Amino acid sequence: MISIPHKTKQFLVLLIKLLIVGGAFYFIYNQLANNDKLNWQKFIVLFQKNKSVGGITFIVLLSILNRFFEILKWQNLMASFHKISLIQATKQVLAALTAGLFTPNGVGEYAGKALFFQKKDTKKIIFLNLICNGIQMILTVFFGTIGLWILGYKYWVLGIIGVGFGFWILGFGLKKITIKGYSLEKLIQKINEIPKHIHQKNILLGMCRYLVFSHQYYFLFLAFDVHLPYFTLIATIATVYFLASSLPTFQFLDFAVKGSVAVYFFGILGVNEWIVIFISTLMWFLNVVLPVVIGSYYVLNFKYKTVL
C-alpha cells in the first residue's frame, strides 16, 4: 500500500476544499449572471414599489427557519447513534450542502456528512441521511398529490396512486431478495431499530420545514402582486415542488428545474412568466445560495483529524 506524505495529504485536502468552494461560487455566479430570462429592470421597479424592511426581514427569517428545521432533523436522527450539539449539526448540514451543490440530486451531501465521522461509521451516517431526506420526499409527494387533486388533475393522482401501489406490491414480493448483503427487509429492520419518538419528531420537523418553504413561496407571490385564492396558490406550489423534485437534477440547477415546471402551472393561472422565474430564483438564492456561502466557511475550516 502506497504511503502518502503528511504534507502531501494536507495539500490534497486543501485543494479539494478550494475546488468545492470555488466550484460552488462559480456555478452560483454563472446561473445568476448568464440567465437571460431574469428581467432585472422589472424586478428593481417592483422592488422599489413594494419594498418593506419588515417584509424582507420576514422572508429572510423563513429561509433561516427552513434550514434550521433541517439542522434539527439531522441532530434528532443522530441522537439514535451519537449525540451531537446544535453547532455540530449546523456545521455538518451546511458543509454537506456545499459539497452536494454540483452533484446529481445532492448525493454529495451524503459523503459530506460522512467525512465528519470515522470511516467505520460511514454506512450508518449515509443511512441516517437517507432517512432525513426520505421523510422530506415523502411529504413532498403527499402534499403534491393533494395539490394535483385540488387543481383538478384527478387522473394524474390516480396514476400516482397506481404506481405507488405497484411499487408496494413489488417491494413486498422482493423484500427478501439480497443483493451484495443488502435487502429491502434488512432496510425495514434498520428503520425500525430507530426509536419511534425519533421518527415522530423527524416527521414533525419535516412538516414544519415543508410548511415554511411552501409559504415562503406563497408570500413571495403576494409581494409580486400575484393575488390568487390561497388554496389554489398553495396547491400549485405543492404540485410544482412535487413534480420538480421527481426529476433528476443538480442543486445549482434547482431553480431552473423548479422554474420551468412553475412557469407551466402558474402560466395556466395567468401569472406572468418573468415573475415566476424571478420567484423561483429568489427561493433558490435564499434557501440554497446563502446556506452554501456559510457552508463554504465550514468546508474551508474542516480538519479531517477532528472527526467524531
Candidate set: the stretch 60-83, residues that are in a helix (DSSP H, G or I) and basic (Lys, Arg); chosen: the one least open to solvent (accessible area, probe 1.4 Å): Lys73
Contact list please: Cβ distance under 8 Å, first residue in the stretch 74-99 and over 9 Å from Gly295 (Cα atoms), second residue among the β-branched types (Val, Ile, Thr) and outside any helix (DSSP H, G or I), pairs at least six apart or on different chains. Gln75/Ile84; Leu77/Ile194; Met78/Ile84; Ser80/Ile194
I need the full set of residues from the stretch 46-59 which are part of a helix (DSSP H, G or I) and at pLDDT 70 or above, in order please. Val53, Gly54, Gly55, Ile56, Thr57, Phe58, Ile59
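Give the number of residues within the stretch 100-125 that are over 16 Å from the mean Cα position of the chain (by Cα) and open to solvent by 60 Å² or more (accessible area, probe 1.4 Å). Reasoning before the result, please.
Within the stretch 100-125, the first condition is being over 16 Å from the mean Cα position of the chain (by Cα), and the residues that meet it are 114-125.
Subset that is open to solvent by 60 Å² or more (accessible area, probe 1.4 Å): 115, 118-120, 123-124.
Residues in the stretch 100-125 being over 16 Å from the mean Cα position of the chain (by Cα) and open to solvent by 60 Å² or more (accessible area, probe 1.4 Å): 6 in total.
The values are calculated or read from the model by the stated rules, or taken from the named source; none is laboratory data. The structure displayed is predicted, hence computed values, not measured ones. Neighbour counts are summed over all protein chains in view; Cβ atoms, including those assigned to glycine, are modelled from backbone coordinates with ideal geometry. What goes into the accessible areas is simple: the full protein's heavy atoms, side chains included, and nothing from ligands, DNA or RNA. Shrake-Rupley method; radii C 1.70, N 1.55, O 1.52, S 1.80 Å.
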